[in-house]
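The values are calculated or read from the model by the stated rules, or taken from the named source; none is laboratory data. Every value quoted in this text rests on a predicted model; they were computed, and no experiment measured them. Cβ placement follows ideal geometry from the backbone for every residue including glycine, while neighbour counts extend to all protein chains displayed. Only protein heavy atoms, including side chains, enter the accessible area calculation; ligands, DNA and RNA are left aside. Shrake-Rupley method; radii C 1.70, N 1.55, O 1.52, S 1.80 Å.
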Amino acid sequence: MIGPRWPGRLAAIAAAGVCFAAAARKIWSADFWWQLSAGRFIFEHGWPVGDVFSYTAAGAPWIEARWLYCLAQYLLWSAGGAPLVVTVKIVIIALAFGLAGRAAGSKHATVLGSAVTLVALIAASQRFFVRPEIVTYLFFGLFLLILDRHRSVGGRAIWLLPVLQLIWVNAHPLFVFGPLLIGALLFVEVVRVLLGDREVWRPALRPLRPLAVVLALTIAVAWINPWGLRGVVFPLELFGELRGTIFKEAIGELRSPFEFGLRWIALRAALLLSGVCVVAALANPRHLDPFFGVVLLAQVYLASLSIRNLPYFALAAIPFVVKALEDAPATRWLAQRLPAARSAIAIGLALFALSYGWASATDRAWVRQHDSNRFGFGVAEHRYCIGASEFLARHPPAGHIFGGLLENAYLMWSGHRVFIDSRLEVYGEEHFRRFLAVERVSEAWRAAAREFDIDVAVVDLQSPLVAILEEEPDFRLVFFDEVTAVYARVSASSDLPDLDERAQFDARLADVRRLLPRPIAGDRLGWLERARAPGPYLALTDFLLLRQRADAAAEFLADAQTAAPDLADLDSRRVALAELAGDWPRVIEQARTSLASTPGDSRMELALGTALFRAGRASEALPWLERAAERFPDRVGVQGLLGNLYAGLGRFDRAATQFARAAELAPDASGWRLALAEAWIRSGRLEDARSLLDDLDRRQPHNPRVERDLAVVQHARGDLESARRHLDEARRLDPDNRDLDALARQLGLP
């Protein structure tokens, strides 16, 4: 390597090292398992016509534009398992970025090209999963290189593009980039000719004919797919997911990168790369490459729509920046006056690559940015519902299984039919909305369980559905690990474990503890020891808090703090532990401390307001709970708590408004309707209260509280006989309640 070119070669090695460190990560993607299932189905049965994986959309049209990728992934998995799949992914990503670098036109490895490629790799690294989009990375880079070479030196390589397009069409929906790239070059070249001398228009346009023919061919081969026209228009459906749909609102990867701040190093690198693009444009404005400029602007737009499009921006930025800066006067001036700069930059890149590689290989880089990715060549631990799937294999359910998107993907691979999965175009927006409601609203869950004969729910430990199932009398907990909990219908097989029994729950918890070793604090880790992410410990903490197991929750919370002491979410769990213990002064202190460092945290504001109310400091609690009610308009407990606060302050009209909202949110919960009736009694709305209480009496006869309130209403209306009858019934139903005797004396009805 020693010689005049050694800085360029060292910089290229550094970029290659960063590529390996960023791409050598374990299988983590939520979509991996359903795509593997699709590949298995295609291998065994051929192209799918209708959905075969769900019990809610069976037979619905399924356009699987990624079929060739899915088949290849399944064949690789069958041949070498996860290590082979991950290895091929690394090679594809390296080729994609290498081709983009070659498209910059340099004959030899340069420090500038390698530096830009290194930054681009890190900017794209958050998306280096085993996913079909890696095919588009590869073909995007390959098309850029072939098109750039064609306009520079000509040749026959351009005729390879329709052949490559045929593979691309059947491997990933973003095959539309192929014709768009060719069309962009043709447009730029035609404009360049038309802006020149009119006398040479015809001879100047003649060399562009092959490019136009290739464009037509690439468009034509798009029809060569198992679904014809429907396969061609499928990318338009996916593009629609990026704009104003429920998918974009609910799925993180469809959101704009601007919504994530600078949470990941990839986003910081993307910001740096954007700045470099601007600098390159300003440094050489008169000699910018219009083709690469058009491509870059298009990818900037797409990346602004969705964070999952960042890699295409990164790939487009490499040739744009390198071509602009290599010929820039400022670059030549620096090279002449600072000849040692190339060597210094190359050494700096190498040192950075070593540091980045070490941080990635020991998972410190992922843990530091609170990411659950892992370095390696296998399947990510503590990610998939593997334990739950094995449990269901031992205890097959009679009815259907409900799970989240991540859980369902693995359940599909295990041979189960699912409620929904990530093939959102198969199900449509309405079904996806229903899925979200089923996970969050008890009535929606009960309706789906009845309609689809759901016997088992496989639920992420932090899913809102866990809280619903914990209160659901028809379901009981039968399994959990550090990833998921399994709830089965009470009428299911009697040989299932009953983890609602403390002894069985404790035994299972001990097994989980062995599966999840305690982490080592970062400052005590050896140089080659791997860091542990706090995610599984936090998930278990939340699950145990929900089941009111404060002792065990505190243990796992301590583990999470050891793994990531700067994690912001630790405060909310500490407060939840204090709430569970009823230590309201401690909750108040911790919530105020947390809000001092992170003002506006709605969860801490709610906790503070609740604690102040429970501590008897109602006037102090009022502004906090009013703000919480605005921020959590659909949380029945928050609305009801504010109603109780208003009632305690004697503001019964406002209390009635809150209780009415709570009753609307939970129509099956009679307690909020009773509270509403009592607020109406105290505010003088006796007829409204009587009507509501009569309805409650018909729905839930023999409720002593209803009878007591009816006695109060009838007494206030002057109907003493009815008042005495209702009060006697309340005494009969609740003979040990001395408050009823006091009420009788107060009303003069002994």
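General remarks:
- Looking across the stretch 421-431, just one residue is within 30 Å of residue 662 (Cβ to Cβ) and either open to solvent by less than 50 Å² (accessible area, probe 1.4 Å) or of a type in the set (Gly, Ala, Ser) (or both), and that is 431.
- Scanning the stretch 467-521 for residues that are open to solvent by 20 Å² or more (accessible area, probe 1.4 Å), part of a helix (DSSP H, G or I), in contact with a strand residue (DSSP E or B) (Cβ under 8 Å, 6 or more places away or on another chain) and not charged (D, E, K, R) yields nothing.
- Any chance residue 91 is at pLDDT 95 or above, assigned to a helix (DSSP H, G or I) and open to solvent by less than 40 Å² (accessible area, probe 1.4 Å): no
- Output for the stretch 28-58, where each listed residue is open to solvent by less than 10 Å² (accessible area, probe 1.4 Å) and in a loop (DSSP other than H, G, I, E, B): 29, 48, 51
- Within the stretch 718-750, the only residue that satisfies the criterion of being in a loop (DSSP other than H, G, I, E, B) and open to solvent by less than 30 Å² (accessible area, probe 1.4 Å) is 749.
- For beta carbons closer than 8 Å, sequence separation of 6+ or different chains, a first residue in the stretch 617-643 that is over 18 Å from residue 660 (Cα atoms) and a second that is of a type in the set (Asp, Glu) and not in a helix (DSSP H, G or I), there are no qualifying pairs.
- Residue 694 vs. criteria under 54 Å from the mean Cα position of the chain (by Cα), part of a helix (DSSP H, G or I) and surrounded by fewer than 19 Cβ atoms within 10 Å (Cβ to Cβ): yes
- Test: residue in the stretch 221-234 that is assigned to a helix (DSSP H, G or I), at pLDDT 90 or above and under 41 Å from the mean Cα position of the chain (by Cα): yes
- Test: residue in the stretch 432-439 that is open to solvent by less than 10 Å² (accessible area, probe 1.4 Å), touching a His at 6+ places or on another chain (Cβ under 7 Å) and either modelled with pLDDT of 90 or more or polar (S, T, N, Q) (or both): no
- Boolean, residue 330 is part of a helix (DSSP H, G or I), open to solvent by 40 Å² or more (accessible area, probe 1.4 Å), in contact (Cβ under 8 Å) with a residue 12 or more places away in the chain and over 21 Å from residue 31 (Cβ atoms): yes
- When residues of the stretch 628-638 are limited to those that are touching a Ser or Thr at 6+ places or on another chain (Cβ under 8 Å) and of a type outside the set (Phe, Trp, Tyr), the one farthest from residue 608 (Cα to Cα): 631
- Hits in the stretch 447-490 - residues which are out of contact with any Asp or Glu (no Cβ under 8 Å at 6 or more places or on another chain) and either of a type in the set (Ser, Thr, Tyr) or free of Cβ contacts under 8 Å to residues at least 12 places away in the same chain (or both): 447, 450, 451
- Matching residues in the stretch 681-701 - criterion: being more than 24 Å from residue 745 (Cβ to Cβ) and touching a residue at least 24 places away in the same chain (Cβ under 8 Å): 683, 685, 696, 699, 700
- Qualifying position, being in a loop (DSSP other than H, G, I, E, B), polar (S, T, N, Q) and in contact with a Leu (Cβ under 8 Å, 6 or more places away or on another chain), among 548, 561: 548
- When residue 191 is tested against the conditions (1) of a type in the set (A, V, I, L, M, F, W, C); (2) open to solvent by 20 Å² or more (accessible area, probe 1.4 Å); (3) not in a helix (DSSP H, G or I), the lone failure is (3).
- Of residues in the stretch 662-685 being in contact with a helix residue (DSSP H, G or I) (Cβ under 8 Å, 6 or more places away or on another chain) and not in a helix (DSSP H, G or I), the one least open to solvent (accessible area, probe 1.4 Å): 666
- Verdict on residue 457 being buried (at least 21 other Cβ atoms within 10 Å of the Cβ) and either under 21 Å from the mean Cα position of the chain (by Cα) or hydroxyl-bearing (Ser, Thr, Tyr) (or both): yes
- The lone exception for residue 37 - which of (1) at pLDDT 95 or above; (2) within 23 Å of residue 138 (Cβ to Cβ); (3) of a type outside the set (Lys, Arg) it fails: (2)
- Looking only at residues in the stretch 59-85 that are among the small types (Gly, Ala, Ser) and assigned to a loop (DSSP other than H, G, I, E, B), the one that is surrounded by the fewest Cβ atoms within 10 Å (Cβ to Cβ) is 59.
- Unique residue being part of a loop (DSSP other than H, G, I, E, B) and either more than 30 Å from residue 361 (Cα to Cα) or of a type outside the set (D, E, K, R) (or both) when the list is 553, 591, 531: 531
- Flag for residue 173 being within 26 Å of the chain's Cα centre (by Cα) and surrounded by fewer than 24 Cβ atoms within 10 Å (Cβ to Cβ): yes
- Only one of the listed residues (623, 585) is more than 19 Å from residue 655 (Cα to Cα), in contact with a helix residue (DSSP H, G or I) (Cβ under 9 Å, 6 or more places away or on another chain) and part of a helix (DSSP H, G or I). That residue is 585.
- Any chance residue 166 is within 17 Å of residue 228 (Cα to Cα) and under 34 Å from the mean Cα position of the chain (by Cα): yes
- Pairing residues of the stretch 422-433 that are in contact (Cβ under 8 Å) with a residue 24 or more places away in the chain with residues that are of a type outside the set (Ser, Thr, Tyr) and not in a helix (DSSP H, G or I), at Cβ distances under 6 Å and at least 6 apart in sequence or on separate chains, gives 422/31; 426/51; 426/57; 426/60; 426/62; 427/57; 427/420.
- When the stretch 552-610 is limited to residues that are open to solvent by 40 Å² or more (accessible area, probe 1.4 Å) and of a type in the set (Val, Ile, Thr), the one that is nearest to residue 631 (Cα to Cα) turns out to be 598.
- Filter result for the condition that a residue is touching a Ser or Thr at 6+ places or on another chain (Cβ under 9 Å), surrounded by 16 or more Cβ atoms within 10 Å (Cβ to Cβ) and farther than 29 Å from residue 566 by Cα, over 641, 645: 641
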